[in-house]
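The values are calculated or read from the model by the stated rules, or taken from the named source; none is laboratory data. Because the structure is predicted, anything quoted here is derived from the model rather than measured. In this analysis, Cβ positions are derived from the backbone assuming ideal geometry, glycine residues included, and neighbour counts consider all displayed protein chains. We work out accessible area using only protein heavy atoms, side chains counted, and drop any ligands, DNA or RNA first. Shrake-Rupley method; radii C 1.70, N 1.55, O 1.52, S 1.80 Å.
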Amino acid sequence: MVRSSPSPTEPSKEGAPPTSELIQNGLAHHQAGRLQEAEAIYQSILKEQPQHPDALHLLGVIAHQVGKNEIAVNLIENAIKINPTVSYFYNNCGEAYRALHKDDLAITRYEQALAIKPDYAEAHNNLGNVLQNLGKLEDAVASYQKALGIKPDYAEAYNNMGNALQEKGELEAAIDSCKQALKIKPDSTPAYNNMGNALRKNGEPEAA
């Protein structure tokens, strides 16, 4: 099965937003995929302000993106200690824990993100992913449905829900969910793959 999840690259958007020119420059590089340039800027901020939560968090995001998830957890946990009010910190920390297969810690962090921001569609989706990993398919589907109730054009959540429905044996519903994902994002390789698997299991090899 192919499961998609959003890239955890968003900066904090609640609380005091990052306003320094350096943070904004770092974010411009980060969002353009120039991770080395972004990392150098965040490091320069921390030399002057070692307790800068956004710089710590964003360095943690880069560490997660390059597969250094132990480092990511340490950095983002430090950001949370300094500023425990930002939902994105908790969600992205959860993603690093999920990559480390520390599912219970991931769930805790996603739930904390949602306690701060109940309409955080990405956190609902990510919680659904880890619940699906644990075989809690009913709960996973419920999480994806919450994400879609908040963000109806969320192709990844439709695809992930289709994956969970397929595991439940609800093949027609799984196919429909993947079709919805492809209506929103016609170039979604994971959705095509998951729909093909569901069609094959549903006795439709030619369509698959």
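Counting only residues that are in contact (Cβ under 8 Å) with a residue 24 or more places away in the chain and either in contact with a strand residue (DSSP E or B) (Cβ under 7 Å, 6 or more places away or on another chain) or not in a helix (DSSP H, G or I) (or both), which one in region 83-98 is least open to solvent (accessible area, probe 1.4 Å)? Among those residues, the one meeting the criterion is Val86. Screening Lys117 on (1) open to solvent by 50 Å² or more (accessible area, probe 1.4 Å); (2) over 16 Å from the mean Cα position of the chain (by Cα) shows it passes everything except condition (2). Output yes when any residue across region 156-166 is closer than 17 Å to Ala191 by Cα, surrounded by 20 or more Cβ atoms within 10 Å (Cβ to Cβ), in contact with a Lys or Arg (Cβ under 6 Å, 6 or more places away or on another chain) and not β-branched (Val, Ile, Thr), and no when none is. For region 156-166, residues closer than 17 Å to Ala191 by Cα, surrounded by 20 or more Cβ atoms within 10 Å (Cβ to Cβ), in contact with a Lys or Arg (Cβ under 6 Å, 6 or more places away or on another chain) and not β-branched (Val, Ile, Thr): present. Here Glu122, Glu70, Glu111 are screened, and the one residue that is part of a helix (DSSP H, G or I), farther than 25 Å from Asn163 by Cβ and open to solvent by 20 Å² or more (accessible area, probe 1.4 Å) is Glu70. Considering only region 47-63, I want to know if a residue exists there that is over 23 Å from Tyr120 (Cβ atoms) and of a type in the set (A, V, I, L, M, F, W, C). Checking region 47-63: not a single residue is over 23 Å from Tyr120 (Cβ atoms) and of a type in the set (A, V, I, L, M, F, W, C).
Looking across region 163-177, the residues that are more than 13 Å from Tyr144 (Cα to Cα) and part of a helix (DSSP H, G or I) come down to Gln166, Glu167, Lys168, Leu171, Glu172, Ala173, Ile175, Asp176.
On the stretch given as region 20-50, residues that are assigned to a loop (DSSP other than H, G, I, E, B) and either within 18 Å of Asn92 (Cβ to Cβ) or of a type in the set (Val, Ile, Thr) (or both) total 1. Within region 163-188, the residues that satisfy the criterion of being closer than 19 Å to Gly135 by Cβ, touching a residue at least 12 places away in the same chain (Cβ under 8 Å) and either in contact with a strand residue (DSSP E or B) (Cβ under 7 Å, 6 or more places away or on another chain) or aliphatic (A, V, I, L, M) (or both) are Ala164, Leu165, Leu171, Ala174. If you go through region 167-206 and pick out every residue that is farther than 26 Å from Pro118 by Cβ, open to solvent by less than 20 Å² (accessible area, probe 1.4 Å) and polar (S, T, N, Q), you end up with 2. The C-beta contact set for region 66-82 (first residue more than 18 Å from Ala38 (Cα to Cα), second residue open to solvent by 50 Å² or more (accessible area, probe 1.4 Å), distance under 7 angstrom, 6+ apart or interchain) comprises Ile82/Gln51.
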